Structures are given as structure tokens and as C-alpha cells.
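The values are calculated or read from the model by the stated rules, or taken from the named source; none is laboratory data. No experiment lies behind these values; they were computed from the predicted model shown. Here the Cβ positions follow ideal geometry from the backbone for every residue, glycine too, while neighbour counts run over all protein chains shown. Only protein heavy atoms, including side chains, enter the accessible area calculation; ligands, DNA and RNA are left aside. Shrake-Rupley method; radii C 1.70, N 1.55, O 1.52, S 1.80 Å.
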Amino acid sequence: MIEIEKKFKLSGEQEARLLAGAEELGEKTFTDFYYDNAQFSLGLQDIWLRERDGQWELKLPLTQNGSNSVDQYREIEGEMAIREIFALPPLGSFVEDISRFGYEPYCECTTTRRKYRKDGFVIDLDEAVFAGTDLSYTVAEIELLVARSEEAGEAAGKILDFAGAHGLIDGPVRGKVETYLKKEKPRHYAALVEAGVL
Ligand code: V4E
């Protein structure tokens, strides 16, 4: 699937307006371990490998079409699909096999997510904490899933229209991992900023 999403920092008033009439889809808590090597080879290509509650997921950037301010990623789920992309034969467990190439966890993030649906859009309200730190971060996301990359630009436009209609401002907002790296891993953060990824 292709995930088109835009992050926002919401005031209380903006949150109330966004959630007015929205269908509650529930709350869940999950923990992500993000992986990369010492050269940040994945991050420098805007590629994000994580284990979320035991499931492996990979986010690959789409060539932007439509708005640059809306994140567009192809999501690959499951160890086998990710092994195919990395051409990584199953010698040991997935974590053993990637660790042979120097891939280690660099960020452990636990998110409590309240999920809503409104007018066909999914709204996530995330509160994140990061292991080994006293850092916490809240961020909202408005998301659409599309099946084909050709639909991404239109979906990005729809998200911006929906956000604008709810009084949300289209400005740069940090993601959770970005927030963690800036505070806790400044060298890693600086490399990704220099590469134009963050
Ligand atoms: C894509 C990305 C990262 C991976 C984590 O993505 P994020 O959307 O923050 O996590 P989450 O938990 O909401 O994933 P979901 O459950 O929606 O799949 S870490 C950094 N990036 C890149 C990035 C970027 N370039 N710009 C912004 C605003 N955020 C993230």
C-alpha cells in the first residue's frame, strides 16, 4: 500500500474541530525499534526499517508528485517481502541476518495512538515516549491510503484541502523519530539534515 500522510501540531481548539463528528476507531499502544547501520545508509535514502510489536515494516519514499509538504511512502510489511527488497537470504533470524550487515536499533519509541475516521480520512493522534530518555512528543497525522503511485498527488491535495477546511496550517512539523534524533543522536540527525532527508 502507499501511505500519504501529513503531520500537524494541534492546539486544543484545532483538535476539537478536527474530531467533531469523527468516528472513534480506538486506542492502541505499540513499540517501534528503528534500525540502521553506522553510515545511516537507509536514513540517507529516506528509507525507514522498523520492528513494530514484532512485525517488520519498511517505508520507501515515493517520487514526490503533488505537494512536497505531504509525506508519501510505499509500505512493505513482513520479513519475507523486506528480505526480497534487500536481497537478503534467510540464513538466521531476520535480526541476525541484518546485524551481519551492521544494522542495529537506534531508536525505541512507544506510541499511544488514538485513531479516528472522518470524511474518508484517517486521523491519528500520537503520544510518543522514547526509551532511555525523558523525552515525549505529541503529533497528529491525517492519512489516506492509495493503491497506485499515480493517485498519490491527488491524495496529497485532498489531505491539504481537508486540513485547511479544519483551520490547520500547512507548516513543517517534526516526526517522532526526527524529534528523538535531534535531541538524542545529533550526529545521526545532522547527517540526515545535510542529505535533505529531514
Ligand atoms: C518516514 C519517516 C520516519 C519513519 C516513521 O514515520 P512516522 O510517520 O513518523 O511514524 P508513524 O509511527 O506515524 O508511522 P505510521 O504508523 O503512520 O506508519 S522517521 C522520519 N521519516 C521521514 C519524515 C519526514 N521526512 N518528514 C516528516 C514530517 N516526518 C517524517
* Structure fact -> For the pair ARG148 and ARG174, the simple spin-label estimate (label points 7 Å beyond Cα toward Cβ) gives in nm 3.9
* Whole-percent carbon and sulfur share, accessible surface of the chain, 1.4 Å -> 50
* Structure fact -> Across PHE162, PHE101, PHE130, the residue with the highest GNM fluctuation in the chain (Cα network, 10 Å cutoff) is PHE101
* **For q = 0.19, 0.20, 0.22 Å⁻¹, Debye-computed log10 I/I(0) when each Cα of region 54-132 counts as one equal scatterer** => -1.11, -1.15, -1.19
* Give the calculated FRET efficiency between GLU184 and LYS118 to the nearest 0.05, with a Förster radius of 22 Å applied to their Cβ-Cβ distance. => 0.05
* Asked: Under the Karplus relation 6.51 cos²θ - 1.76 cosθ + 1.60, θ = phi - 60°, what is the ordered set of whole-Hz ³J(HN,Hα) values for region 133-143, x standing for Gly and Pro?
  -> 9, 9, 7, 9, 8, 10, 8, 10, 10, 10, 10
* Structure fact -> For region 49-140 the mean separation of alpha carbon contacts under 8 Å (6+ apart) over residue count, i.e. relative contact order in percent, is 15
* Only helical DSSP H runs with n ≥ 4 go in: add -39500 (n - 2.57) per run for the chain, normalise by residue count and round the 222 nm mean residue ellipticity to 500 deg cm²/dmol. => -7500 deg cm²/dmol
* Asked: Of LYS28/LYS185; LYS6/LYS59; LYS28/LYS115; LYS59/LYS176; LYS115/LYS185; LYS28/LYS176, which ones are farther than 19 Å apart at the Cα?
  -> LYS28/LYS185; LYS115/LYS185
* **Intensity falloff of the chain expressed as log10 I(q)/I(0), Debye formula with alpha-carbon point scatterers, at q = 0.08, 0.10 Å⁻¹** => -0.28, -0.44
* Whole-number accessible area per residue in Å² for the chain, which is evaluated in the context of all protein chains at 1.4 Å -> 51
* To do: Would you give the gap between the C-alpha center of region 26-104 and the C-alpha center of region 129-198, rounded to a whole Å?
  => 16
